[in-house]
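One structure is given here, and the rest of the page talks about it.
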Amino acid sequence: MTDSFDRLKQDFPILNQVINDEPLVYLDNAATTQKPQTVLDAVETYYHTSNANVHRGVHTLAERATSQYEGSREVIRNFINAAETAEVLLTRGTTTSLNWVARSFGEVVVEAGDEILISYMEHHSNIVPWQQLAKKKQAKLVYVELTEDGQLDLDDFQNKLTDKTKIVSLTHVSNVLGVVNPIQQIADWVHEKNGYLVVDGAQAVPHMPVDVQALQADFYAFSGHKMLGPTGIGVLYGKRALLEQMEPVEFGGEMIDFVEEQDSTWKELPWKFEAGTPNIAGAIGLAVAVQYLERIGMENIAQHERELIEYVMPKLKQIKGLTIFGPEDLRFRTGVISFNIDGVHPHDVATAMDMEGVAVRAGHHCAQPLMTYLNQPATARASFYIYNTKADADKFVEAILATKEFFLNGLN
Ligand code: C6P
């Protein structure tokens, strides 16, 4: 399977370059992915041939832009199997999507004394909006513990899921541990308690098939730039019945039906949430990215990443002084590998690996409560994607060994 992925690199012009005298090995895909030529072309072609504002004009370019923008929404709807395009809101990314849910839906359902349940593996974008809501509503933010090997502790989850729990908001895949959470099972538990489930899908949608109807999540958020699309475009899926109850978060042009001196009415879904001129080129680019992923097949992509980590993990485990975070059982992981080298600061690790042409990220990965929980100030992190190969994995291992040698033995 991975062999047929080897030729994908040629679709990504940015990958064909030398960094610090070494061919680039890009392993920072959890932060953002690179863009294939088809996505770059789609964005450029839009500006060359169809640029206009959407939903406003009747001239030909305006109609073209509108039909491409709304056509992109349909491509995305089909990709995640939402029941209708009214349930697919185009946002700036996962952060905006989660903020909209917390501010608008949270406003509707959360009352003083209620609980909002999240976990210790959440990204700040799935913590801070809930902290703000909890403060405003005098609700309580409750954290689910993790198991020893970094999975969601499902016993603790079930203990903390009570009649007081109004909203559960969990990541589908952790951006630090790479662990995949059993969202479908969790949705059943949450709904039995009459709660609502919000899912941060930023690290899941790019890497595996996601069917929002099968998952039964009430809201599901993700970002275009982590799945080959442009930056500044993302998605908030929500069940129609819930979106109907919510007020828009932003107000202004595009989202109104009728404006009088003192009051206004809103457009229908999904437009009532999309105030102002949207990221039209971003949506078009994202749809082309989705089509690129669909051509490869999301099952194949998940399988490719699994093969890469099955290939690289045994090699990493042989390196003395290397700690790898997250589950031992690779069936519960995507291609995210956080690690530390004893005695070397993760930032130094990332800088030294860059000297070898290998791009990895170091830091708290916008997950400070998780770092505290793991008792680590930071980690280094490699994250694989469709265009990474076994040769990249080998280079990754070599770069770790060279880094270790350089810092611990002063050689290189
Ligand atoms: N994680 C990373 O390097 P935005 O920035 O809105 O596109 O995505 C935010 C976000 C939300 N949830 C998860 C699980 C994420 O991983 C991210 C982005 C990047 O891990 C940047 S910190």
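Values as computed for the structure displayed
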read-out	value
Selection within region 194-203 - free of Cβ contacts under 8 Å to residues at least 60 places away in the same chain and within 16 Å of the ligand (Cβ to nearest atom)	Leu197, Val199
Matching residues, region 202-238, being part of a loop (DSSP other than H, G, I, E, B) and of a type in the set (Val, Ile, Thr)	Val205, Val210, Thr231, Ile233
Some residue of region 129-138 being over 15 Å from Asn99 (Cβ atoms) and not in a helix (DSSP H, G or I)	yes
Qualifying residue in region 48-59 (condition: in contact with a Lys or Arg (Cβ under 9 Å, 6 or more places away or on another chain), modelled with pLDDT of 95 or more, part of a helix (DSSP H, G or I) and not small (Gly, Ala, Ser))	yes
Among the residues listed as His191, His207, His225, the single one being away from the ligand (no atom under 16 Å from the Cβ) and out of contact with any strand residue (DSSP E or B) (no Cβ under 6 Å at 6 or more places or on another chain)	His191
Region 221-243 residues that are under 20 Å from Ser383 (Cβ atoms), paired with ones that are basic (Lys, Arg) and away from the ligand (no atom under 11 Å from the Cβ) (beta carbon under 8 Å, 6 or more apart)	Leu228/Lys35; Gly229/Lys35; Pro230/Lys35
Exclusive hit being outside any loop (DSSP other than H, G, I, E, B) and either within 22 Å of the chain's Cα centre (by Cα) or of a type in the set (A, V, I, L, M, F, W, C) (or both), set Ala287, Ala275	Ala287
Cβ pairs under 6 Å, 6+ apart, first in region 169-182 and closer than 28 Å to Val109 by Cα and outside the structural domain of Arg333 (by TED's automatic domain parsing), second among the charged types (D, E, K, R) and within 7 Å of the ligand (Cβ to nearest atom)	Thr171/Asp200
Qualifying residues in region 210-222 (those that are hydrophobic (A, V, I, L, M, F, W, C) and more than 13 Å from the ligand (Cβ to nearest atom)) - the one nearest to the chain's Cα centre (by Cα)	Val210
Matching residues, region 371-412, being among the hydrophobic types (A, V, I, L, M, F, W, C) and in a loop (DSSP other than H, G, I, E, B)	Ala378, Phe384, Ile386, Leu411
Hits in region 239-249 - residues which are in a loop (DSSP other than H, G, I, E, B) and surrounded by 14 or more Cβ atoms within 10 Å (Cβ to Cβ)	Lys239, Met246, Pro248, Val249
Number of positions in region 250-272 that are modelled with pLDDT of 95 or more, in contact with a Phe, Trp or Tyr (Cβ under 7 Å, 6 or more places away or on another chain) and either buried (at least 17 other Cβ atoms within 10 Å of the Cβ) or closer than 23 Å to Pro206 by Cα (or both)	2
Count of residues meeting criterion [in contact (Cβ under 8 Å) with a residue 24 or more places away in the chain, surrounded by fewer than 20 Cβ atoms within 10 Å (Cβ to Cβ) and within 12 Å of the ligand (Cβ to nearest atom)] in region 362-388	2
Leu90 over 19 Å from Val176 (Cβ atoms) and within 16 Å of the ligand (Cβ to nearest atom)	yes
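The values are calculated or read from the model by the stated rules, or taken from the named source; none is laboratory data. Everything numeric in this text was worked out from a predicted model, so none of it was measured. All Cβ positions, even for glycine, are placed from backbone atoms using ideal geometry, and neighbour counts span all protein chains on display.
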